[in-house]
Structures are given as structure tokens and as C-alpha cells.
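Taking it in order: structure first as C-alpha cells, then the write-up.
The values are calculated or read from the model by the stated rules, or taken from the named source; none is laboratory data. These numbers come from a predicted model, not from an experiment. In this analysis, Cβ positions are derived from the backbone assuming ideal geometry, glycine residues included, and neighbour counts consider all displayed protein chains. Only protein heavy atoms, including side chains, enter the accessible area calculation; ligands, DNA and RNA are left aside. Shrake-Rupley method; radii C 1.70, N 1.55, O 1.52, S 1.80 Å.
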Amino acid sequence: SADGIMALAKICREEGVPAHFEVVGLMAEALVRWGRKDAIAAIRRNLVGTHSWSHSMHPVMMERSDIEDYAAAYKSVYPEERKSIETVKRIFGFPRVWDSVPPGNNEPYVASRVYADLGVDIDLGPTYVGRDCEDIWYAGQRRTSYGYCFEFFREPDFVYDVDRILDELAEKHRFALFCH
């Protein structure tokens, strides 16, 4: 993972594309444990957001918050996501985390409220965006779709028209190409 971070940061730097890394809290701690100051420095030169504390480790956010009592659901998500945000700020030296991307289809309503209450203004996840993927305000956060998965461009059975997608992206004010 650390080598992948370095490779992606290098590509973005060489192409003059501002990178944005959504960091899993446990991954940030792992980079420190592994002594990967190079990867930390590479991420630090870019925008950084949170991709949850533990990504897909069970119980995931959706499992922890799948209860009828909203207050209890909120209390089940808040501590880990606060820890993730504090870890990302501490390790990468940012005073604030501006955005979140809860992993996959793991975005309970309560997560948006937790992130908003923790000062995270933007959700870059694809769930709950407006028609034609325009931005909307939802649960205290600006919601914007994040675009295309970088890995799709490398798959042998990739079915999208890459040239059309690149032309479309070139005309946008902002877009996100994401990868795992």
C-alpha cells in the first residue's frame, strides 16, 4: 500500500494534477509503524480526507449503526470516526479534515451527521447526490460524486470509452478519479 501511495503521488505530481488522498485511520497508523515517512510526506503535499477508521473491518459503520435508536447509532459511530479524523490530522499535520468518503456502500445516515459534527464539511461519496450527480446539501454536508475508479482503466475487459471519459473530465471544473 505504501508503495502504491508513492507511485500515485508521483504520477499526479508529474502530471501537475492536484491529488487528494482519503486515508483510513488504521492505514495512517500503519504508515507510522512501518517507518514510511516517505509515504507520509507524499500524502502531506496533497489534500487529505478521511476514509473511516477501519474501512471494511467488521463491524463496519453500517453494522454498528443498524439499530432503531438514532442516538445509540450516533454513539456507536462517533468514537471511531473521531479517532480517524484526529489520527489523520496528527500524522499528516493538518489542522482540519475537510472531507470524508465512507467506504463502499457503507454510508449510514448517522455517519454524515457524525462527520458534520466533527467539522467535516464535504462528503465525496456517490450516495445521496442530486440528479445528474450535481452537488446537494444533505445531513449537514455538501455531497458531491467522485467520478471514475482509476482501476477500471487498467482492467482488460474495461468497457468504458476511455477517450470519451477523458474528454468529459477535461471539460469539468473539478472531478475525482479514485483508486484503492
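Here are the numbers for the structure shown:
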| read-out | value |
| --- | --- |
| Within-9-Å neighbourhood charge of Gly49 [Cβ basis; K, R +1; D, E -1] | -2 |
| Amide N of segment 79-123 lying under 18 Å from the label point, which is placed 7 angstrom from the Cα of Ala71 along Cα→Cβ | 79, 110-111, 113-114 |
| Highest to lowest packing among 72-78, 116-122, scored as the average C-beta count within 10 Å | 72-78, 116-122 |
| 5 angstrom amide H check on Tyr138, placed H, neighbours 5+ away | Arg143 |
| Using θ = phi - 60° and Karplus 6.51 cos²θ - 1.76 cosθ + 1.60, couplings along segment 14-27 (whole Hz; Gly, Pro as x) | 5, 8, x, 9, x, 9, 9, 9, 9, 10, 6, x, 4, 5 |
| Amide proton proximity set for Val24, modelled H, under 5 Å, gap of 5+ | His51 |
| Estimated FRET transfer efficiency (Tyr109, Arg33; beta-carbon r; R0 22 Å; 0.05) | 0.05 |
| Extension gain (nm, one decimal) between Glu14 and Glu171, 0.36 nm per residue minus Cα-Cα | 54.5 nm |
| Surface per residue (accessible, 1.4 Å probe) for segment 1-119, Å² | 53 Å² |
